[in-house]
Amino acid sequence: MTIKALAARFALVLSCALMATTPAFARTLQCVPFAREVSGIEIQGNALTWWGQAAGRYARGQAPQVGAVLAFSATAKMRYGHVAMVSQIVSDREVLLTHANWSRPGGIERDVRAIDVSAAGDWSAVRVWFGPIGGLGLTVYPTKGFIYGNGAPQDALAVPTTPQIAHNVTGERGILTLVQDAGF
């Protein structure tokens, strides 16, 4: 093996190691403030309260719309529920979600696959892409439905300006890109 080939392998290993680590100065981002920021839906409190709080303030339903927030029910493993914004509709039973704090604590994932696995096709049960396995997770999550805002803000898919690591995951291919804010 030549020195050039050895240097190339070392650079590849080093870049993979750097991509897999989270800097100590990265702030943890929860799903609620991120969903509020990208969707424009102004609801406070834990994700498990969003569905009830939306009643009378925002339209709610069982059909996905771009910019809507999917409200996940609380479970034993997810005591506070979860919220995620629909960034694209792929089909009547598949959407792409943009959300925080799912595959990695505080991480942001954009355009990750979620499928409706409910018997009635009403989005009351979903499976969601999970980074550590590089595909759809095995867990089926109960949901309440979609909260419709006035549409997603223009910069909904822009990288947030607060210091954090943003994970961009595209579909099942598991392409992961780390993006750091220039303010570090």
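The values are calculated or read from the model by the stated rules, or taken from the named source; none is laboratory data. The structure presented is a predicted model; accordingly, all values stated were derived computationally and were not measured. Here the Cβ positions follow ideal geometry from the backbone for every residue, glycine too, while neighbour counts run over all protein chains shown. Heads up: the accessible areas ignore ligands, DNA and RNA and are worked out on the full protein's heavy atoms, side chains in. Shrake-Rupley method; radii C 1.70, N 1.55, O 1.52, S 1.80 Å.
Kindly evaluate Ile43 against the criterion of being part of a loop (DSSP other than H, G, I, E, B), surrounded by 15 or more Cβ atoms within 10 Å (Cβ to Cβ) and of a type outside the set (S, T, N, Q). Give the steps one after another, and end with the answer.
Values: part of a loop (DSSP other than H, G, I, E, B): yes; surrounded by 15 or more Cβ atoms within 10 Å (Cβ to Cβ): yes; of a type outside the set (S, T, N, Q): yes.
Yes, satisfied.
Considering only the range 134-144, state which residues are of a type in the set (A, V, I, L, M, F, W, C) and open to solvent by less than 70 Å² (accessible area, probe 1.4 Å). Talk me through it step by step, then tell me what you get.
Of the range 134-144, the ones of a type in the set (A, V, I, L, M, F, W, C) are 136, 138, 140.
Leu136 - this is the single residue of the range 134-144 that is of a type in the set (A, V, I, L, M, F, W, C) and open to solvent by less than 70 Å² (accessible area, probe 1.4 Å).
Go through (1) part of a helix (DSSP H, G or I); (2) modelled with pLDDT of 95 or more and name the single condition Ala74 misses.
(1)
List every residue pair whose Cβ atoms sit under 6 Å apart, with the two residues 6 or more apart in sequence or on different chains, where the first one lies in the range 30-49 and is over 17 Å from Asp111 (Cα atoms) and in contact (Cβ under 8 Å) with a residue 60 or more places away in the chain and the second, anywhere, is open to solvent by 10 Å² or more (accessible area, probe 1.4 Å) and in a helix (DSSP H, G or I).
What qualifies is Ile43/Gln53.
Name the residue that is farthest from Arg36 (Cα to Cα), counting only residues in the range 105-122 that are touching a helix residue (DSSP H, G or I) at 6+ places or on another chain (Cβ under 8 Å) and acidic (Asp, Glu).
Taking the candidates together, the pick is Asp111.
For Arg79, state whether it is out of contact with any Pro (no Cβ under 8 Å at 6 or more places or on another chain), within 15 Å of Ser39 (Cβ to Cβ) and either polar (S, T, N, Q) or surrounded by fewer than 20 Cβ atoms within 10 Å (Cβ to Cβ) (or both).
For Arg79, the condition - out of contact with any Pro (no Cβ under 8 Å at 6 or more places or on another chain), within 15 Å of Ser39 (Cβ to Cβ) and either polar (S, T, N, Q) or surrounded by fewer than 20 Cβ atoms within 10 Å (Cβ to Cβ) (or both) - is not met.
Could you name every one of the strands (runs of 3 or more DSSP E) located completely within the range 88-133 that has at least 1 residues being surrounded by fewer than 16 Cβ atoms within 10 Å (Cβ to Cβ)?
Where strands (runs of 3 or more DSSP E) fall fully within the range 88-133 and carry at least 1 residues being surrounded by fewer than 16 Cβ atoms within 10 Å (Cβ to Cβ), they are 94-100.
Just to be sure before I move on: is Leu48 touching a Lys or Arg at 6+ places or on another chain (Cβ under 7 Å) and surrounded by fewer than 24 Cβ atoms within 10 Å (Cβ to Cβ) in the structure I sent? Before the answer, list the steps.
Details: touching a Lys or Arg at 6+ places or on another chain (Cβ under 7 Å): no; surrounded by fewer than 24 Cβ atoms within 10 Å (Cβ to Cβ): yes.
It is false that Leu48 is touching a Lys or Arg at 6+ places or on another chain (Cβ under 7 Å) and surrounded by fewer than 24 Cβ atoms within 10 Å (Cβ to Cβ).
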